[in-house]
1. Does residue 66 fit the bill of being surrounded by fewer than 21 Cβ atoms within 10 Å (Cβ to Cβ), outside any helix (DSSP H, G or I) and modelled with pLDDT of 95 or more?
2. Kindly list the number of the only condition in (1) within 30 Å of residue 213 (Cβ to Cβ); (2) out of contact with any helix residue (DSSP H, G or I) (no Cβ under 6 Å at 6 or more places or on another chain); (3) touching a residue at least 24 places away in the same chain (Cβ under 8 Å) that fails for residue 324.
3. Considering (1) within 25 Å of residue 6 (Cα to Cα); (2) more than 16 Å from the chain's Cα centre (by Cα); (3) part of a loop (DSSP other than H, G, I, E, B); (4) not charged (D, E, K, R), say which one residue 98 fails and leave the rest.
4. Looking at (1) part of a helix (DSSP H, G or I); (2) touching a residue at least 24 places away in the same chain (Cβ under 8 Å); (3) closer than 19 Å to residue 278 by Cβ, find the lone condition where residue 313 falls short.
5. Based on this model, can you work out whether residue 86 counts as among the acidic types (Asp, Glu), surrounded by fewer than 17 Cβ atoms within 10 Å (Cβ to Cβ), assigned to a helix (DSSP H, G or I) and modelled with pLDDT under 95?
6. For the stretch 241-288, give me each residue that is more than 18 Å from residue 340 (Cα to Cα) and under 16 Å from the mean Cα position of the chain (by Cα).
7. Please find, among 280, 335, 289, 235, the residue that is touching a Phe, Trp or Tyr at 6+ places or on another chain (Cβ under 6 Å) and either among the aliphatic types (A, V, I, L, M) or over 29 Å from residue 45 (Cα atoms) (or both).
8. In the list 289, 259, which residue meets the criterion of being closer than 23 Å to residue 102 by Cα, in contact (Cβ under 8 Å) with a residue 24 or more places away in the chain, in contact with a His (Cβ under 7 Å, 6 or more places away or on another chain) and not in a helix (DSSP H, G or I)?
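The values are calculated or read from the model by the stated rules, or taken from the named source; none is laboratory data. What you see is a predicted model, and the numbers here were worked out from it, not measured in a lab. Cβ sites come from the backbone with ideal geometry, for glycine too, and all protein chains shown count toward neighbours.
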Amino acid sequence: MVKQLLEQGVSVWLDSLSRDMLQSGFLQQWVDQGMRGQTSNPTIFQGAIRGSKTYDDDIRKLAQRGLKAEQICWELMVADVQAACDKFLPVYQASKGLDGYVSLELDPTKARDTQGSIDQGLALWPEVKRPNLMLKVPATREGIPALKALVKAGFNVNVTLLFSVERYDHVMTAHMEALEARLAAGQPIDNIATVASFFVSRVDTEVEKRLAKLTPSEDQNKALLGQVAVANARVAYAQFKRRLASDRWQALAAKGAQVMRPLWASTGVKNPAYPDTLYVDELVGPHCVNTMPEATLTAVMDHGKTACTLSDAHLQAAEETLKVLKQVGIDLSDVTMNTLEVEGVQKFADSYKDLVQTIERSVQTLSV
């Protein structure tokens, strides 16, 4: 199934990372089956470290060296990402830099701090020291200049927490500006990979909350429930295709620039009334990445579909769905920009703080 999706243009990445999966052979098994990359975030690391004793020896040793909990946190995350990068290096080499990436998120408490994000990215890149590392930068207003600076520096970047097509357009512009700046400085642009992580399921969750407060007709409800997240992603894909066909991008492509692929994130289905492979089946098309949590990946392997669902007809239907959404009185821009982006930044910041606190408690326990 993973290879069939690849034939349709979709690279399957795993949205999970832990030392247990690195050491048990679990990750290697998926790489052998065609897995093309891996993403992580503070919530994922929090779950990995809280639920395992595998990290205890390292935590104890790092604490004995005098490192504080937050420093230990980054030592552990960097080590896991380095090990995962090594697992995916053959994929990176065989795909000539298209795939094989592992993402490490910058400190999410700096999501509104442009210079802080840039400084951390500049420090992390040589520390991890892997050609297939991707630094995750939030698509906030303050994060977009950080994206631009890190791409200009020649680093691979995963732009995360994208919900809005409008914001996505800003991201694609910043990406092109960074590449143009490198060319103007006489620097190569053919060795920089980027993806734009467009979050999917959370859109439906928020729209469901708002629909519950309204009384749309039965036909309108049918056109909206479980449809808006996919429609929003498809409209983003339509914008991606327009950018790809533009003279500006074609000029960069002629110099070797790699496409900033849309990456479908948050693809685990949260509403049990929807098919468990919904956000994979409905977003199949060229130049895409889909990063899946383990449960979604297992479901896709069992009964996922691989037919193209990003055709022109699908994209036109998406526009109609969003028109119905507007007719019932739901402002998609408010959903994506004012609610989901703000909540997403806060949730990752909270998870990061919880992660540091988890390590602090481990340090205290292990030092007894």
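1. Numbers: surrounded by fewer than 21 Cβ atoms within 10 Å (Cβ to Cβ): yes; outside any helix (DSSP H, G or I): yes; modelled with pLDDT of 95 or more: no.
So residue 66 does not fit the description; no.
2. Evaluating residue 324 over (1) within 30 Å of residue 213 (Cβ to Cβ); (2) out of contact with any helix residue (DSSP H, G or I) (no Cβ under 6 Å at 6 or more places or on another chain); (3) touching a residue at least 24 places away in the same chain (Cβ under 8 Å) leaves (2) as the failure.
3. Among (1) within 25 Å of residue 6 (Cα to Cα); (2) more than 16 Å from the chain's Cα centre (by Cα); (3) part of a loop (DSSP other than H, G, I, E, B); (4) not charged (D, E, K, R), residue 98 violates only (2).
4. (2) is the only condition that residue 313 fails.
5. no
6. Narrowing the stretch 241-288 to residues more than 18 Å from residue 340 (Cα to Cα): 241-262, 272-278, 280-288.
Selection gives 259, 260, 261, 262, 280, 283, 287, 288.
7. On inspection, the qualifying residue turns out to be 289.
8. Exactly one residue qualifies, and that residue is 259.
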